[in-house]
Every structure is written in C-alpha cells, then in structure tokens.
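**Student:** My structure is below; once you've seen it, I'll send some questions.
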Amino acid sequence: MQQLINQISKEATSSEAEVLSALYDKYAPAVYGRIMQVIKQKEIAEKILEKVFIKALTKPELSSKTHLTPFTALLNQSRNKTYSTIKAMKVLKSLSCSYTSAS
C-alpha cells in the first residue's frame, strides 16, 4: 500500500498527497480491522483495503455526494468490497468443485 501511496503522491499535487497520507494514516487501521473481522485472511484483507483506498482516491465525490464523513464512506466501501469478494470466492469455489466432479 505504501508503494501505491508513493506512486499516487508523485502524480498528485503536494496538498493532495498530504491529504491522501493523512487519510490513510488516520483511517486505514480501523478499516483494515473491520475487513479482517469478516475475511480473516491477511493477504485478501490487504488487497481489499488497497482497492478501497484506490476507489476513495479516484472517486472522491462518493462521500461528498452522499454527505458521508470520509470514515463512513471508507467503511461503506470496505463492507461492499469485502462482501463482493466473499461472493466471488464462493462462486470460484463452487466452479472448481463442479469442474473437478465433472472430470
């Protein structure tokens, strides 16, 4: 994630980079903790966290349109991404089970 922040910081203005860094430092531990409560797999939880912050950076209007605080918007995004990931994992698992039983 730090590599991603560094890359985005190079492309962003200094004030945007400061906001991004402050946002990540302030909210990432709590958002990551909420993801881990559901996923329980470190690697997957880290990827979800990364995607949540990427979306927050690329679509900052999400919280302003809905009048949510940044933290609430991040939590909502993390919840949505976590459950869509779980759903995708279940589908992949069922596909691999049906594939092996069909062989």
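The values are calculated or read from the model by the stated rules, or taken from the named source; none is laboratory data. What you are looking at is a predicted structure, and each value in this text was computed from that prediction instead of being measured. Here the Cβ is made from the backbone with ideal geometry for all residues, glycine too, and neighbour counts use every protein chain on show.
**Student:** So for the range 69-82 (the condition being at pLDDT 90 or above, touching a helix residue (DSSP H, G or I) at 6+ places or on another chain (Cβ under 6 Å) and of a type in the set (Ser, Thr, Tyr)), does at least one residue qualify?
**Tutor:** Yes; the residues of the range 69-82 include at least one that is at pLDDT 90 or above, touching a helix residue (DSSP H, G or I) at 6+ places or on another chain (Cβ under 6 Å) and of a type in the set (Ser, Thr, Tyr).
**Student:** Under 7 Å between Cβ atoms, at least 6 apart or on separate chains: pull out the pairs that start in the range 20-45 with a residue that is over 22 Å from Thr69 (Cα atoms) and of a type in the set (Lys, Arg) and end on any residue that is at pLDDT 95 or above and surrounded by fewer than 18 Cβ atoms within 10 Å (Cβ to Cβ).
**Tutor:** none
**Student:** Name the residue that is modelled with the lowest pLDDT, counting only residues in the range 51-67 that are surrounded by fewer than 17 Cβ atoms within 10 Å (Cβ to Cβ) and charged (D, E, K, R).
**Tutor:** Top of the filtered list is Lys65.
**Student:** Something else: Kindly provide the set of residues from the range 4-48 that are modelled with pLDDT of 95 or more and among the aromatic types (Phe, Trp, Tyr), ordered by number.
**Tutor:** Scanning the range 4-48 gives a single hit, Tyr32.
**Student:** If you don't mind, there's one more thing I want to ask. Quick one: is Met1 at pLDDT 95 or above and in contact with a helix residue (DSSP H, G or I) (Cβ under 8 Å, 6 or more places away or on another chain)?
**Tutor:** Spelling it out, it is not the case that Met1 is at pLDDT 95 or above and in contact with a helix residue (DSSP H, G or I) (Cβ under 8 Å, 6 or more places away or on another chain).
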